[in-house]
Amino acid sequence: MSSDTTAAPAPAVQPSIWQELFRKEDWWSIWIGLGLVFAAVALFFSGSSIAWLAVTPKPWHAAPELLTQFSEHWAQYLTLFVLWAVLFGIGVATLGIPLRKFLLSFAFVYVVSILIFALGQWDQARYYNLEPPLVALALGLLIANTTGLPQWAEAGVRVEFFIKTGIVLLGATLPFTLIIWAGPVAILQAAIVSLVTFGTIFFVAKRLGLDRRLAATLGAGGAVCGVSGSIAIAGAVGAKKEHAPIAITLVILWAIVMIFVLPLVSRALSLPTGVAGAWIGTSEFADAAGLAAAQTYSGYAGHVDGITGSPEAAVNAFTLMKVIGRDVWIGVWALVLSIIATTSWEETGIKGHAGASEIWRRFPKFVLGFLIASIAITAITHGYVYADYKKTVVPQLVAPITALRTWAFTFCFFSIGLTTRIRDLAKAGAKPFWAFTAGVVVNVILGFILSTHVFVGFWTALGQ
Amino acid sequence: MSASASTSVKTERHCAACRHFDNAPESLEAAIPGLRVMGSGYSSVRNADGLCAMHQRYLSAASYCEQYAIR
């Protein structure tokens with residue numbers, strides 16, 4: 001299309017900020033996550049706690065012990081189900097997902113999550129490598145790729161909704177002072193790896209003769225934030241219909257491989273928890289996949305000889321690296337690539353490129369909830385001396401929020417497996433595969449060097 | 001090229017209002033294999049992008065072209 005035949009129309013109508021607040025999953029994860037955090041705080045200051053509600057299976061040795069636990073606490077598990085069903089149910093219903101279908105499906109996810117959670121508390125679980133995130137993922141994959149997920153069970157399998165809610169809750173257990181201290185290093189390390197990984201994928205894809213828009217979509221998936229990165233950049237550059245599915249297929253396959261490989265290699269090398277978390281945060285592709293890997297490694301701390309650092313450090317380092325270091329920059333990537341695509345790449349007959357507002361519109365809003373939760377809990381607990389904090393704040397406030405977070409993550413990990421039907425994914429083709437794989441190799445090696453050598457002292461200290 | 005460099009008017013509407021354009025989250029999750037696995041049609045990063053049946057591309061809702069057709 002000739003450039004002089006189409007004039008710029010008036011600015012497109014975008015959903016207003018008020019519509020966005022209820023039409024996007026990100027905002028609903030904030031409402032739910034912060035709602036739970038502030039309810040926990042309110043009960044804490046009234047002398048009570050949400051600890052009763054935030055029930056989790058306790059360690060057990062033999063099956064009768066576990067059955068006794070369930071018989072004694074069934075009312076708590078039922079109440080917790082009702083709470084999650086109401087909160088997520090309001091969210092999905094507002095988004096337009098049929099509520100009845102969601103509830104039936106979510107009940108299935110919840111019941112299986114209880115069993116996965118309980119299995120992880122078995123005293124022989126680590127001997128058999130039955131880490132809950134890996135079990136959840138493997139079980140979901142098995143169901144999805146053998147019998148298939150029944151249609152009635154599909155509506156409640158919302159990977160991103162669960163992981164975003166869990167990350168907002170995670171903010172409440174991550175001191176804001178730690179974010180301020182570690183954030184700049186995370187951003188620096190992530191920026192180095194993101195730029196090099198994107199450049200590698202884009203360069204190799206171009207050398208293989210692939211379309212620039214596909215190259216950019218692949219690059220964003222490997223360098224920025226996985227499926228979300230690919231879909232955001234596909235829209236920003238006006239990619240062909242088949243480009244995003246190709247990139248998504250490669251992101252998913254490599255992300256699942258890395259869920260198993262990164263923790264196992266880290267374990268073989270006895271990396272400290274903070275260091276392993278930083279590496280996973282640098283070299284995993286999606287938040288959900290990375291948290292599965294990081295939480296698996298958290299489970300090794302204190303149970304596997306040679307692994308030092310606190311269990312929380314793996315998840316904290318991962319979150320700093322992935323969420324603060326990589327996710328929040330997707331709008332900037334979209335803006336820059338949109339301008340390059342419309343000014344330098346081949347004509348497509350479609351006009352218009354993004355403005356500066358793109359940065360905010362594509363900003364992963366759930367990060368705001370994560371930061372608000374962190375600031376709120378840090379401010380609230382600031383006045384406690386350490387002994388009182390450990391004796392009162394942790395068991396009555398922090399631990400129950402951590403338990404709720406673990407539930408949300410478990411729903412997510414099981415859902416990843418349930419939604420990953422290999423036969424339904426788009427066929428990627430050899431050239432996109434090799435371009436993306438080149439980026440994976442560079443990303444993993446560079447992320448390892450930065451995490452275990454260049455910034456090793458920093459990430460080790462995070463876990464002390 | 002930038003939109004502002006154009007000289008004559010044939011199109012006055014964006015993809016957001018075009019009948020060739022579909023950006024409903026549920027449609028996109030059905031049309032884009034794997035989007036739900038580690039992503040979502042309802043996420044903020046997707047903004048209001050959607051699929052154009054005319055150009056067979058995944059586009060920003062703010063894009064525009066000569067083939068605009070009112071819904």
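Worth a mention:
- Residue match in the stretch A:362-384 (condition: free of Cβ contacts under 8 Å to residues at least 60 places away in the same chain, facing another protein chain (nearest Cβ under 9 Å) and assigned to a loop (DSSP other than H, G, I, E, B)): yes
- With respect to the conditions (1) modelled with pLDDT of 95 or more; (2) within 30 Å of A:Phe38 (Cβ to Cβ); (3) not in a helix (DSSP H, G or I), A:Thr165 falls short on a single one, namely (3).
- Any hit, the stretch B:49-56, residues being assigned to a loop (DSSP other than H, G, I, E, B), modelled with pLDDT of 95 or more and either more than 7 Å from chain A (Cβ to nearest Cβ) or under 16 Å from A:Gly226 (Cα atoms) (or both): yes
- Among the candidates A:Leu142, A:Leu134, A:Leu99, A:Leu104, residue that is among the aliphatic types (A, V, I, L, M), over 21 Å from the mean Cα position of the chain (by Cα) and over 16 Å from A:Phe81 (Cα atoms): A:Leu142
- Residues in the stretch A:292-304 that are touching a residue at least 24 places away in the same chain (Cβ under 8 Å) and more than 21 Å from A:Ala247 (Cβ to Cβ): A:Ala294, A:Gln295, A:Thr296, A:Tyr297, A:Ser298, A:Gly299, A:Tyr300, A:Ala301, A:His303, A:Val304.
- Inter-residue pairs, beta-carbon under 8 Å, first closer than 14 Å to A:Gly222 by Cα and in the stretch A:425-436, second outside any helix (DSSP H, G or I) and of a type in the set (A, V, I, L, M), 6+ apart: A:Pro432/A:Leu210; A:Trp434/A:Leu208; A:Ala435/A:Leu208; A:Ala435/A:Leu210; A:Phe436/A:Ala428
- Of everything in the stretch A:403-414 that is of a type outside the set (A, V, I, L, M) and in contact with a Gly (Cβ under 7 Å, 6 or more places away or on another chain), the residue that is farthest from B:Gly34 (Cα to Cα) is A:Arg405.
- Selection from the stretch B:28-68 of residues that are more than 30 Å from A:Gly417 (Cα to Cα) and touching a strand residue (DSSP E or B) at 6+ places or on another chain (Cβ under 6 Å): B:Cys52, B:Tyr64, B:Tyr68
- Any helices (runs of 4 or more DSSP H) falling wholly within the stretch A:191-283 and containing at least 2 residues that are more than 14 Å from every other protein chain (Cβ to nearest Cβ) and within 15 Å of A:Leu337 (Cα to Cα): A:212-220
The values are calculated or read from the model by the stated rules, or taken from the named source; none is laboratory data. Note that the structure is predicted; figures quoted are calculated from it, not measured. Glycine gets a Cβ as well: all are built from the backbone with ideal geometry, and neighbour counts include every protein chain shown.
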